[in-house]
Amino acid sequence: MKIFLIIFLSIFCVCNAYADRSYLGDFNDFLEKNKDKLAEYGIEGVETVNVCKVEKRHSKKWFDAECNDRPGGVFQARHKLKIKFYKDRDSIKFGQKPNFDTLFYYGWVVQYDNSGFKRIGSKGSSEPYKFTSNLREDSEVKKEMQETGLLSYLLYEDGKIIINEKTPKDRFGLIFNDKTLWTSASMGKSMTSYVIGHAICEGYIDSVDSRMNDWPLIEDSLFYDQKLMDLLNMAAGHQKYADQTDLKTKGKWSKNPNRNTVKFHMKQGIFKNTKGKQGKSKYHYSNAISNILINYAWYKSNGKFQNLLDKIFIDKAKVENPVHFLVMHSGSVQGKYIVSENDGPIRYSFKASRYDYLRIAKAMVDDWQNDTCVGKYLKTIYKNRIPKKVNYPNSDPEGNSKSYAGQFHTDYVGKENRAIMGMSGNGWQSIVIDFDQGKIIVVNTIYSNYDWEKLVISKFN
């Protein structure tokens, strides 16, 4: 049951040391603006009250609501949410058991936190691809849709959508619908790889074996003159400078590579003067690598990056709604320095609607099965996959995959050497594709408390 206790939010703020008051204030405004929908969607425990009647006449709150000038009253939504906050985080810490209120809040934060960034992407096609369906119910998906942070589940097989489940209105319908541009998290790394493949096929980049020795931005770093394939495989020998997600900055700069541009990291930050200092080439996951790749594609496209994106997402995938990568700017980076488009400000972070994620995945399948130039690229990175050699549990989408293929996870347990490649992101956002069979599962979620093994990888028999 979803319970919004009817108590002042301000009381709640006092007893939560980790609460970000700016987020809470904006969240409260969001709920206030949507109080009619909260009632319409049947979320329990929400009540709209007349402040001018419930507050003491001439009290501060009575005057703040301007009750003296509004004889009809002032109506507000009052509530208290049982939210568990996570210090210095805009997402729920892994391994938790969040209640509905916590999931609802952090689902909203995901959308709000990205609202301050610029974006580069494509608008929806004038003729979006239209799916056909042959639907069946899956009791396991339905059950977890009611009990976890799941937002959307799509299973596509034999050219049709077979399972199509979306969060009900009385759960997360206020923050997620068919048009919501939901974060990909690290699924955006695979989207970046798909862009690289198109940059190769358009002639902007020679091949996956090209040496990255033509980009001034990285000429003093360990990435200079390395093969593009090594970066695609997260095997650029960068392990001394970056851990599995963040940078090893030791407090001097933000550990989050998305807080600073590629130029900053190369010229002032962790990779300054590291030319020739790379370690052994081995798989070592790093968010910084994907930012380098998407900005390299921008640089190599020589002013035609927008055309490149439109060919992918409008002409080929035929998306219905806008899709975009996030872009850093002077107000979002550490230190608030001036950021130009030449500084490598694009983030791998990608956003699309639920059906458009499926449209893009279908475009990948079409490339593979029709052996197009981009299909050959996908087959090349699959052929050049490398072992991960990491100790994650098999229930984890990254741990279940034992190899890495150009920003895609592959060689899933029990399905080794099958052309099944997956995208995975924070909260266990997932797109898994069987390229030979044309089977696709797309999952959008707030948090990783759903059974990924049962709902996703076990479906690929």
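Per-structure values
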{"read-out": "Across Lys227/Lys280; Lys263/Lys402; Lys130/Lys379; Lys267/Lys311, pairs whose alpha-carbon gap is larger than 21 Å", "value": "Lys263/Lys402; Lys130/Lys379; Lys267/Lys311"}
{"read-out": "Two-site label geometry, Ser115 and Glu140: point separation in nm, points 7 Å out along Cα→Cβ", "value": "3.8 nm"}
{"read-out": "Helix 187-201 axis, angle to the chain major axis (alpha carbon atoms, nearest 10°)", "value": "40 degrees"}
{"read-out": "Relative contact order, percent, the chain [alpha-carbon distance under 8 Å, six or more residues apart]", "value": "18 percent"}
{"read-out": "Area projected by the alpha carbon convex hull of segment 265-386, averaged over all directions, nm²", "value": "9.7 nm²"}
{"read-out": "Size of electric dipole in the chain: Cβ of Lys, Arg +1 and of Asp, Glu -1, about Cα centre, debye, nearest 20", "value": "1180 debye"}
{"read-out": "Integer Hz, Karplus 6.51/-1.76/1.60 couplings in order for segment 379-396, x for Gly and Pro", "value": "5, 5, 5, 5, 5, 9, 5, 10, x, 7, 6, 10, 9, 10, x, 5, 6, 8"}
{"read-out": "Ratio of Rg to Rh over the chain (Cα coordinates, Kirkwood Rh, two decimals)", "value": "1.00"}
{"read-out": "Arg347 long-range amide H proximity, modeled H, under 5 Å", "value": "Leu326, Val327, Met328"}
{"read-out": "Gain in span if fully extended, Asn50 to Asn68, counting 0.36 nm per residue against the direct Cα distance", "value": "5.2 nm"}
{"read-out": "Nearest-ten-degree value, helix 21-33 long axis tilted from longest Cα axis of the chain", "value": "70 degrees"}
{"read-out": "Lysines whose Cα lies under 24 Å from that of Lys60, excluding same-chain neighbours fewer than 8 positions away", "value": "Lys33, Lys35, Lys80"}
{"read-out": "Using alpha-carbon coordinates, inclination of helix 287-300 to the longest axis of the chain, degrees", "value": "70 degrees"}
{"read-out": "Peptides 339-347, 426-434, 126-134 ordered by average Cβ neighbours within 10 Å, highest first", "value": "426-434, 339-347, 126-134"}
{"read-out": "Cβ-based exposure ranking for Ser349, Ser210, Ser286, in which fewest neighbours within 10 Å come first", "value": "Ser210, Ser286, Ser349"}
{"read-out": "Calculated from backbone phi, Karplus (6.51, -1.76, 1.60) coupling profile of segment 305-314 in Hz, x at Gly/Pro", "value": "5, 4, 4, 4, 4, 5, 5, 6, 8, 8"}
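Each value in this text was obtained by applying a stated rule to the coordinates, not by laboratory testing. Worth saying up front: this structure is predicted, and the values here are computed from it rather than measured. Every residue, glycine among them, receives a Cβ derived from its backbone with ideal geometry; neighbour counts consider all protein chains shown.
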